[in-house]
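Visitor: Okay, handing you the structure first.
The values are calculated or read from the model by the stated rules, or taken from the named source; none is laboratory data. Since we're looking at a predicted model, the values are computed, not measured. Please note: Cβ atoms are built from the backbone with ideal geometry, for glycine as well, and neighbour counts cover all protein chains shown.
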Amino acid sequence: MKFVVPMAFSHPAHCCALARAAEQTGWDCAAVSDHVVHPERIRAPYPYTPDGAPRWQPDAPWPDPWVAIGAMAATTERLEFFTNIFVLPMRNPFLVAKAVGTASLISGGRVALGIGVGWMEDEFELLGQDFRTRGRRADEMIAVMRKLWAGGMVEHHGRFYDFDRLQMSPACPHPIPLYGGGLSDVALRRAAVLCDGWISDLHTMAELREIVARLRRYRREADRSEEAFSIIAAVSDAFDADRIRRLGDLGVTHYTTMPWLLYGAGMDVVEDKLAGLRRFADEVIAKVRG
């Protein structure tokens with residue numbers, strides 16, 4: 001079991017200190033979330049709350065994921081990083097491939113790309129990308145980026161992206177895992193068939209059991225069941241060592257939590273967050289691994 005500390009809603013000035021402390025205390029990964037802007041009026045409901053309201057306020061910090069990951073990677077040696085999640089079809093695939101490939105190269109292969117197709121149409125319009133085709137474009141972007149990361153001359157002739165032979169340098173000497181997010185049947189199939197893992201929302205253990213069973217079925221149907229597949233989960237009813245061990249029996253490979261919230265600390269004071277991170281490492285991570 002790997003342990004993941006999310007940087008969502010943390011001030012960018014906290015990220016490097018949290019990453020260093022996470023590495024020192026036995027955490028394995030840091031995850032960075034993604035939004036570009038927060039419109040005053042959002043047309044679409046947020047899909048992961050009962051009332052459709054976002055879980056954050058308009059002034060919540062959303063640093064650029066790849067700038068933040070680059071900074072944290074430069075101050076650590078072992079900690080791994082991924083996006084949780086990055087709205088892929090809101091971007092240009094060449095620019096995404098360049099940013100992620102560069103982060104992987106300079107970090108020594110400690111980077112993975114967690115993707116989703118997005119829900120906020122307003123952001124897509126501002127970035128000049130078509131919202132209606134976002135799922136199909138994301139699928140094709142995955143193929144495009146894998147080609148670009150491989151190095152050498154490559155070409156692609158698809159529905160949305162069409163280019164003759166070209167090369168993106170330097171090539172990525174390390175594999176870049178792709179994790180798919182989302183709860184719809186299409187999203188789960190994308191993660192199972194095209195990606196190397198799946199990133200959850202916040203679930204109970206019972207909900208995860210059902211989702212993991214579906215992912216495994218889709219992997220079998222795609223003839224990928226023998227390949228490694230990561231399950232990155234945030235769980236609403238598993239906080240102690242015994243229940244986290246049971247998550248491993250379900251197939252969960254990465255456990256995600258903001259430990260400072262478990263101990264009553266807020267998001268504003270970095271010293272309180274560091275204390276929560278260290279306490280969870282001592283009281284839970286050490287027992288899970290002991």
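Visitor: Is it true that some residue in segment 139-152 is modelled with pLDDT of 95 or more, in contact with a strand residue (DSSP E or B) (Cβ under 8 Å, 6 or more places away or on another chain), part of a strand (DSSP E or B) and within 13 Å of Phe94 (Cβ to Cβ)?
Guide: No, segment 139-152 has no match at all.
Visitor: Does segment 208-217 contain at least one residue that is under 25 Å from Ala97 (Cβ atoms) and either buried (at least 17 other Cβ atoms within 10 Å of the Cβ) or at pLDDT below 95 (or both)?
Guide: no
Visitor: In segment 84-110, how many residues are touching a Gly at 6+ places or on another chain (Cβ under 9 Å) and within 11 Å of Cys29 (Cβ to Cβ)?
Guide: Residues that pass the stated criteria total 1.
Visitor: If you take the residues in segment 236-259 that are acidic (Asp, Glu) and either part of a loop (DSSP other than H, G, I, E, B) or in contact (Cβ under 8 Å) with a residue 12 or more places away in the chain (or both), which one is farthest from Glu283 (Cα to Cα)?
Guide: Looking at the filtered set, the residue picked out is Asp237.
Visitor: Separate question: Looking at Leu188, Leu178, which one is hydrophobic (A, V, I, L, M, F, W, C), more than 14 Å from the chain's Cα centre (by Cα) and surrounded by 14 or more Cβ atoms within 10 Å (Cβ to Cβ)?
Guide: Matching residue, one of Leu188, Leu178: Leu188.
Visitor: On to the next question. Would you mind finding the one in Ala71, Ala8 that is more than 16 Å from the chain's Cα centre (by Cα) and either in a loop (DSSP other than H, G, I, E, B) or farther than 16 Å from Ile176 by Cα (or both)?
Guide: One residue alone meets the criteria, Ala71.
Visitor: Considering only residues of segment 208-259 that are within 20 Å of the chain's Cα centre (by Cα) and among the aromatic types (Phe, Trp, Tyr), which is farthest from Gly114 (Cα to Cα)?
Guide: Tyr255
Visitor: Under the condition of being outside any helix (DSSP H, G or I) and small (Gly, Ala, Ser), which residue from segment 85-135 is nearest to Arg146 (Cα to Cα)?
Guide: Ala112
Visitor: While we're here: Given the residues Ala19, Ala31, which is the only one that is over 23 Å from Ala97 (Cα atoms), in contact with a Ser or Thr (Cβ under 7 Å, 6 or more places away or on another chain), surrounded by 21 or more Cβ atoms within 10 Å (Cβ to Cβ) and of a type in the set (A, V, I, L, M, F, W, C)?
Guide: None of the others qualify; the one that does is Ala19.
Visitor: Among the numbered conditions (1) out of contact with any Asp or Glu (no Cβ under 8 Å at 6 or more places or on another chain); (2) of a type outside the set (S, T, N, Q); (3) buried (at least 16 other Cβ atoms within 10 Å of the Cβ); (4) in a helix (DSSP H, G or I), tell me where Phe82 comes up short.
Guide: (4)
Visitor: Checking Leu202 against (1) in contact with a Pro (Cβ under 8 Å, 6 or more places away or on another chain); (2) within 18 Å of Val5 (Cβ to Cβ), only one condition comes out false. Which one?
Guide: The failed condition is (1).
Visitor: Under 8 Å between Cβ atoms, at least 6 apart or on separate chains: pull out the pairs that start in segment 47-71 with a residue that is closer than 16 Å to Val100 by Cβ and at pLDDT 95 or above and end on any residue that is of a type in the set (A, V, I, L, M) and surrounded by fewer than 17 Cβ atoms within 10 Å (Cβ to Cβ).
Guide: So the pair list comes out as Gly70/Ile106.
Visitor: Quick one: Leu88 ticks every box in (1) touching a residue at least 40 places away in the same chain (Cβ under 8 Å); (2) over 18 Å from the mean Cα position of the chain (by Cα) bar one, so which box is it?
Guide: Here Leu88 clears every test but (2).
Visitor: A further question on this structure: Just give me the residues in segment 181-225 being in contact with a strand residue (DSSP E or B) (Cβ under 9 Å, 6 or more places away or on another chain) and among the small types (Gly, Ala, Ser), in sequence order.
Guide: Answer for segment 181-225, where residues must be in contact with a strand residue (DSSP E or B) (Cβ under 9 Å, 6 or more places away or on another chain) and among the small types (Gly, Ala, Ser): Gly181, Gly182, Ala187, Ala191, Ala192, Gly197, Ser200.
Visitor: Going through segment 197-217 one residue at a time, which ones are closer than 16 Å to Arg246 by Cα and part of a strand (DSSP E or B)?
Guide: His203
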